[in-house]
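Visitor: Take a look at this one; I'll ask things after.
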Amino acid sequence: MSQAAPLKVAVVGLGFVGLPLSLAYWQSGAEVFGAEIDPNLRHELSQGITHHLESDAGKPISAILRDALESGRYHLLADAAEATKSSEATIVTVGIPHRGDSLDLSALQGALRQVAQAAGRGHLILLRSTVPPGTTRRDLLGVLEDLGKRPGVDVYAAYCPERIAEGRAFHEFRAMPVILGAFDEASLERARAVVSFVTQAGIATTESVEAAELSKVIENVQRDVNIAIAQELARACEAAGVDVFEVIRLANTHERVHLLEPGPGVGGFCLPLALSYFLPFAEAHRIETPTLLAARRTNAAVPKVLAERVLAHARALAPGETPRVAVFGLAMKDYSNDARLSPPLEVCQLLIEAGAEVRAVDPAVPQTFPFKGDDPQWAVEGAHALMLLSRQHELEAWLSDPAHLLALHRGALIADARNWLRNAADLQELGLAYWRI
Ligand SMILES: NC(=O)c1ccc[n+]([C@@H]2O[C@H](COP(=O)([O-])OP(=O)(O)OC[C@H]3O[C@@H](n4cnc5c(N)ncnc54)[C@H](O)[C@@H]3O)[C@@H](O)[C@H]2O)c1
């Protein structure tokens, strides 16, 4: 924990990043003013309820939230301006929704304007959202200048891209090296003090805020490209009868190689949209990015590959019948409650569009869908295929009893997109087929 002097900090946007970040500041001794515009989310949080699966040293985030609320040092507010006025630094973690391929920056711009207007003398505004390069200069620096507030003199402004992975937030807020960009030295130093209130890791600073913005965007693009490599490798290995996970395990023993694993596609708000943040920048400078575009296409096509594979099996197994498919896991990655842009959801959609009956279960994803239920037994009953698309502990426990799989249609296909079931021989004994991506 930081030994720095107590700090009054506002966090604007209490979502996947903002909630654990605000609690990490509280844990380090800060007085926290969390601003969340969504009344339903705010109400849940005020009751100590959150669906996020973060934990710190085994303590779930909901317990940390309840302790924070009881401490009197953690305040929930609706208004970003009020939170800013109550504090000496404001961290903005508002996301950027997308409409198709285009990004809608209006919520972020609105939040930055609210904060910039409310920021008093000496206040630090720290933008932590992932943004298209140029956003901090236009929507933070530009707004401050319009208001007559001189950055580095009247107020401080900096950009600090968030790099955590969902599920590891508390640890990574402390341990992940941080990138910090500001337009002036005074803002950089003030931001360093506020960031290091929580982080114990290195802080790489730059006076090129665009470089800081780009570094975050390209981190995400790079993961997207790496996963595309793994997907193409998986298809080639499958055709050749080679175990792709064995190939990856062996290749990764090289110190300078780090292949990622194939899966049901790339989901969440960060990776699939990363190219939308980068392309306008590249295009503005007339730079073509064929490799990045091809990788995005490869990853975007994976749910279709999976759905077609499963449908072909179901139709061959029970000609003339409605294909029935059980799906385990709707989250965008393993052990997550995040179903935003989730490939498993897209798989379900594609199956339904093709005329299949889908029964999906995911105990961690709070959203309801017409094809979602609570009981794995209900999902597998008579199904022609069971798709394992993202892991959850409860589903793993249920699957550990092979007898449960006897409820499937005889000859059903287990389509394993997460390298979940390793012993395919057991499945053959049960009269089931097995396909691992
Ligand atoms: N989710 C991740 O793991 C992750 C990791 C790294 C970076 N990021 C980036 O961090 C940012 C936040 O992502 P997220 O997943 O936490 O988004 P999120 O949608 O879960 O949270 C953002 C929250 O901001 C709230 N909000 C919007 N306008 C507001 C306003 N004016 N005042 C107060 N609250 C407001 C929304 O209601 C929402 O709850 C994004 O830029 C994202 O790309 C996310």
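Visitor: Would you mind working out the magnitude of the charge dipole of the chain relative to its Cα centre, with +1 at each Lys and Arg C-beta and -1 at each Asp and Glu C-beta, to the nearest 20 Debye? Mind dumping the intermediate values first?
Guide: Details: 40 positive and 53 negative charges, 86 e Å.
Here the chain has a charge dipole of around 420 debye.
Visitor: In the calculated pair distance distribution of the range 22-102, what percentage of Cα-Cα distances lie above 21 Å?
Guide: On the way: 1038 of 3240 pairs.
Result for the distance tail: 32 percent.
Visitor: Describe numerically, in nm with one decimal, the distance between label points set 7 Å from Cα along Cα→Cβ at D401 and at Q428.
Guide: 2.7
Visitor: Could I ask something else about it? Can you check what the net charge comes to around V12, using other residues whose Cβ is under 10 Å from the Cβ of V12 (Lys, Arg +1; Asp, Glu -1)? Don't skip to the answer; put the middle values down first.
Guide: Numbers: positive: R128; negative: E36, D79.
Charge balance near V12 sits at -1.
Visitor: Then there is this: Express in % the proportion of alpha carbon pairs of the range 90-167 at distances exceeding 22 Å.
Guide: Values: 685 of 3003 pairs.
Percentage above 22 Å: 23.
Visitor: Looking at V305, H393, G329, which one has the Cα that reaches farthest to the positive end of the dipole of the range 301-436 (charges on Cβ: Lys, Arg +1; Asp, Glu -1)?
Guide: So the residue furthest toward the plus end is V305.
Visitor: Here's a follow-up. How large are Rg and Dmax for the range 247-406 when only the alpha carbon atoms are used, in Å?
Guide: For the range 247-406, the Cα radius of gyration and maximum Cα-Cα distance read 18.0, 59 Å.
Visitor: If you build a Gaussian network model of the chain, linking Cα atoms that sit under 10 Å apart, which residue out of L126, L112, L250 swings the most?
Guide: Maximum among the listed residues: L250.
Visitor: Within the accessible area of the chain, what % is carbon and sulfur when the probe is 1.4 Å and the other protein chains stay in place? Walk me through the numbers on the way to the answer.
Guide: On the way: 10020 of 18860 Å².
Of all accessible area on the chain, carbon and sulfur atoms account for 53 percent.
Visitor: So, for the chain, what is the accessible surface per residue at a probe of 1.4 Å, expressed in square angstrom?
Guide: Values: 18860 Å² over 437 residues.
Heavy-atom accessible area per residue stands at 43 Å².
Visitor: I've got another one for you. Calculate, for Q349 and D154, the FRET efficiency according to 1/(1 + (r/R0)^6) with r their C-beta to C-beta distance and R0 56 Å; round to the nearest 0.05.
Guide: Working: r = 50 Å, r/R0 = 0.90.
Rounded to the nearest 0.05, the efficiency is 0.65.
Visitor: Got a number for the accessible area of D426? Probe 1.4 Å, square angstrom, nearest 10.
Guide: 70
Visitor: Taking only the alpha-carbon positions of the range 152-229 and ignoring solvent, what does the Debye formula give for the base-10 log of I(q)/I(0) at q = 0.13, 0.17 Å⁻¹?
Guide: -0.43, -0.69
Visitor: Moving on to the next point. Can you tell me how much longer the chain between T368 and I203 gets when fully stretched, taken as 0.36 nm per residue apart minus their C-alpha distance, in nm with one decimal?
Guide: Values: separation 165, 0.36 × 165 = 59.40 nm, distance 4.09 nm.
Here the segment from T368 to I203 would lengthen by 55.3 nm.
Visitor: Sticking with this one: Along the positive direction of the dipole of the chain (beta-carbon charges: Lys, Arg +1; Asp, Glu -1; about the Cα centre), which of L77, H43, N220 reaches farthest?
Guide: N220
Visitor: Can you give the local net charge around A301? Use residues other than it whose beta-carbon is closer than 14 angstrom to its beta-carbon, Lys and Arg +1, Asp and Glu -1.
Guide: On the way: positive: R235, R296, R297, K304, R309; negative: D224, E232, E308, E346.
Summing Lys and Arg as +1 and Asp and Glu as -1 gives +1.
Visitor: So, one more: Within 10 Å of each candidate Cβ there may be at most 14 other Cβ atoms; applying that plus a DSSP loop requirement, which GluC sites (Glu not before Pro) in the range 206-262 survive?
Guide: On the way: sites: E207, E210, E213, E219, E232, E238, E246, E255; in loops: E207, E255.
Counting only loop positions with at most 14 other Cβ atoms within 10 Å, the GluC sites (Glu not before Pro) in the range 206-262 are E207, E255.
Visitor: Given the Cα atoms of the range 217-299, and with Rh set as the inverse mean 1/r over their pairs in the Kirkwood sense, what is Rg to Rh to two decimals?
Guide: 1.03
Visitor: Once fully extended, how much extra length lies between E394 and K304, figured as 0.36 nm per residue of separation less the alpha-carbon to alpha-carbon distance? Walk me through the intermediate numbers first.
Guide: Working: separation 90, 0.36 × 90 = 32.40 nm, distance 2.69 nm.
Gain on stretching E394 to K304: 29.7 nm.
Visitor: Could you pull out every one of the lysines with an alpha carbon less than 29 Å from that of K8, ignoring same-chain neighbours closer than 8 positions?
Guide: Within the straight-line cut-off, K8 pairs with K59, K85, K149, K216.
Visitor: Same structure again: Where is the GNM fluctuation largest for the chain (alpha-carbon springs, 10 angstrom cutoff): N252, N220, N299?
Guide: Per the Cα network of the chain with a 10 Å cutoff, N252 tops the list.
Visitor: Where in the range 401-421 does the amide nitrogen come within less than 19 Å of the point 7 Å from the Cα of Q377, taken along Cα to Cβ?
Guide: 401-410
Visitor: In addition: Along the three principal axes, how long is the range 8-207 when you take its alpha carbons, biggest first, rounded to the nearest angstrom?
Guide: Cα extents, longest axis first: 43, 36, 35 Å.
Visitor: Could you work out how far apart the two model spin labels at S196 and E70 are, taking each label as a point 7 Å from the Cα in the direction of the beta carbon, and quote it in nm?
Guide: The modelled label-to-label distance comes out at 3.4 nm.
Visitor: I need the trypsin sites (Lys or Arg not before Pro) found in the range 251-327, filtered to DSSP loop residues with at most 13 other beta carbons within 10 Å of theirs. All intermediate terms of the calculation are to be shown ahead of the outcome.
Guide: Numbers: sites: R256, R286, R296, R297, K304, R309, R315, R324; in loops: R256, R286.
Qualifying residues, ordered by number: R256, R286.
Visitor: Pick out, in residue order, every one of the trypsin sites (Lys or Arg not before Pro) in the range 362-437 that is DSSP loop and has at most 14 other C-beta atoms within 10 Å; say none if there are none. Walk me through the numbers on the way to the answer.
Guide: Values: sites: K372, R391, R410, R418, R422, R436; in loops: R391, R410, R418, R422.
Loop-located and lightly packed - R410, R422.
Visitor: Rounded to the nearest 500 deg cm²/dmol, what is the calculated helix-only ellipticity per residue at 222 nm for the chain, with -39500 (n - 2.57) per DSSP H run of length n ≥ 4? Could you put the intermediate results ahead of the total?
Guide: Numbers: 17 runs with 181 residues, N = 437.
After summing the helix terms and dividing by the residues of the chain, the value is -12500 deg cm²/dmol.
Visitor: Could you state how much accessible area H404 has, in square angstrom rounded to the nearest 10, with a 1.4 Å probe and all protein chains kept in place?
Guide: Here the accessible area works out near 50 Å².
Visitor: Pick from K216, K149, K59: which residue has the top mean-square fluctuation in a GNM of the chain where Cα pairs under 10 Å get a spring?
Guide: The residue with the greatest mean-square fluctuation here is K59.
Visitor: Another question, then. Find, to one decimal place in angstroms, the Kirkwood hydrodynamic radius of the chain, where the mean of 1/r is taken over every pair of different Cα atoms and then inverted.
Guide: Values: mean 1/r = 0.0428 Å⁻¹.
Final number for the Kirkwood radius of the chain is 23.4 Å.
The values are calculated or read from the model by the stated rules, or taken from the named source; none is laboratory data. All values derive from a computational prediction rather than experimental measurement. Cβ: placed from backbone, ideal geometry, glycine included. Neighbour counts: every protein chain shown. Just the protein is used for accessible areas: all its heavy atoms, side chains included, with ligands, DNA and RNA removed. Shrake-Rupley method; radii C 1.70, N 1.55, O 1.52, S 1.80 Å.
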